[in-house]
Amino acid sequence: MKSYIIKFPHGIMFHHFHGKNHPIVQGSIGEETLSDIIEFIGIENILNADEWAHKFQNHTLKSNQICLTFDDALKSQVDIALPKLRSNGLTGFFFIYSSIFEGVKEKLEIYRYFRTTQFSSIDDFYEDFFNYLKKSSVSNKIQNKLKNFNSTEYLKNCTFYSKSDKKFRYIRDHILKEEEYFTIMDTLIQESKINLEKIYKNLWISEKDLKKINKEGHVIGLHSYSHPTNFSALSYKNQNEEYIKNKKHLEKITTEVFTMSHPSNSYNLDTLKILKNLGITMGFCADMNPIKSNLEIPRQDSSIITRML
């Protein structure tokens, strides 16, 4: 097997895993692929989360030192990734959004599950979604806004996204109002007649799982309260509320909350100011741009590494 070329310290970003009642979804990996990634990087290059954080904050990280990070409080991470980390003696960063622990069924993940499991391919979903938009009341608005859309420039650092991925995300995050997007997706889901209650039980970790992650020595960090997909569009007040609520929840689980990752890689100067005010000393991005500050640490998406194997 080839080796992963490491030019500077960074994190590896994981989201979805498949296996053990978790279906294959867009971007998900299985247990064997996780093992291959660890071998490809070289376990000698992977530091436990607390050690990586300590070295980062003391400016003693070596260029080859990597950490593993997990976003979005997903049940598949506990069922698939956690045992593999345990068997390798590794710990990682788990970035958690909190609304799901207070009974909120966040649409972000439900919609993702729907579009990646109820169609033969993600492109089939996009075809249905874009066709629905053409017949909808927002059709003219979308067509006008798309005239200036450049798929090459938009999310250019996220090379794992296809042109259709980018178009969908641009429409969702920058053209449609939140309620418009919700209405469209809820209509498509209703027409499909899938069992949402069944889906809820298998998507997110429980409070018990979160305590287990903490007890096993992993580092738990912020990921906002409700995971808005366009976080930077929120007002200062709303951004502040998102992170205050997130931090209060996580402080019930772990004594020190000092790190975070930016949901959907969306943030601005207000965000950075808020995080500093909350005592957050480390923040992770979702791209491989060189580090600009201690709240903008680069991460390589696991899907890119998968392609290198």
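Only one of the numbered conditions (1) modelled with pLDDT of 95 or more; (2) outside the structural domain of His262 (by TED's automatic domain parsing) is not met by Lys55, and that is (2).
Quick test for you: out of Lys2, Lys20, Lys7, pick the one residue that is modelled with pLDDT under 95 and within 30 Å of Glu106 (Cβ to Cβ).
On the way: Lys2 fails: within 30 Å of Glu106 (Cβ to Cβ); Lys7 fails: within 30 Å of Glu106 (Cβ to Cβ).
Every option except Lys20 fails the conditions.
Look at Ile43 and say whether it is within 16 Å of Asn202 (Cα to Cα), among the β-branched types (Val, Ile, Thr) and modelled with pLDDT of 95 or more.
Working: within 16 Å of Asn202 (Cα to Cα): no; among the β-branched types (Val, Ile, Thr): yes; modelled with pLDDT of 95 or more: yes.
Considered against the rule, which asks whether it is within 16 Å of Asn202 (Cα to Cα), among the β-branched types (Val, Ile, Thr) and modelled with pLDDT of 95 or more, Ile43 comes out as no.
Just to be sure before I move on: is Ile122 hydrophobic (A, V, I, L, M, F, W, C), at pLDDT below 95 and buried (at least 18 other Cβ atoms within 10 Å of the Cβ) in the structure I sent?
On the way: hydrophobic (A, V, I, L, M, F, W, C): yes; at pLDDT below 95: yes; buried (at least 18 other Cβ atoms within 10 Å of the Cβ): no.
So Ile122 fails the test.
The set of residues from the range 43-74 being surrounded by 21 or more Cβ atoms within 10 Å (Cβ to Cβ), in a helix (DSSP H, G or I) and aliphatic (A, V, I, L, M) comprises just one member, Ala49. With respect to Glu39, determine if the residue is over 22 Å from Gln300 (Cβ atoms), outside any strand (DSSP E or B) and not aliphatic (A, V, I, L, M). Considered against the rule, which asks whether it is over 22 Å from Gln300 (Cβ atoms), outside any strand (DSSP E or B) and not aliphatic (A, V, I, L, M), Glu39 comes out as no.
Residues being among the small types (Gly, Ala, Ser) and either part of a helix (DSSP H, G or I) or free of Cβ contacts under 8 Å to residues at least 40 places away in the same chain (or both): count how many of those fall in the range 90-113. Walk me through how you get there before you give the answer.
First, pick out the residues of the range 90-113 that are among the small types (Gly, Ala, Ser): 92, 98-99, 103.
Next, only the ones that are either part of a helix (DSSP H, G or I) or free of Cβ contacts under 8 Å to residues at least 40 places away in the same chain (or both) stay: 99, 103.
So the answer is 2.
Residue selection: Asn140 fails the criterion of being surrounded by fewer than 18 Cβ atoms within 10 Å (Cβ to Cβ) and in the same structural domain as Ser206 (by TED's automatic domain parsing).
Of all helices (runs of 4 or more DSSP H) completely enclosed by the range 230-309, which ones contain at least 3 residues that are under 27 Å from Gly27 (Cβ atoms) and among the polar types (S, T, N, Q)? Break it down stepwise before answering.
Numbers: elements: 236-250, 269-277, 302-308.
It comes to 302-308.
The condition (being out of contact with any strand residue (DSSP E or B) (no Cβ under 6 Å at 6 or more places or on another chain), within 30 Å of Gly42 (Cβ to Cβ) and either surrounded by 17 or more Cβ atoms within 10 Å (Cβ to Cβ) or among the charged types (D, E, K, R) (or both)) is satisfied by just one residue among Tyr113, Tyr97, Tyr161: Tyr161. Sort out for me the helices (runs of 4 or more DSSP H) sitting completely within the range 114-208 that have 2 or more residues that are basic (Lys, Arg). Hits in the range 114-208: 122-135, 139-146, 163-170, 196-203. Restricting attention to the range 23-32, the residues that are at pLDDT below 95 and over 16 Å from the mean Cα position of the chain (by Cα) add up to 2.
The values are calculated or read from the model by the stated rules, or taken from the named source; none is laboratory data. Note that the coordinates shown come from a computational prediction; the quantities given were computed from them, not determined experimentally. Reconstructed Cβ throughout: ideal geometry from the backbone, glycine too, with neighbour counts over all protein chains shown.
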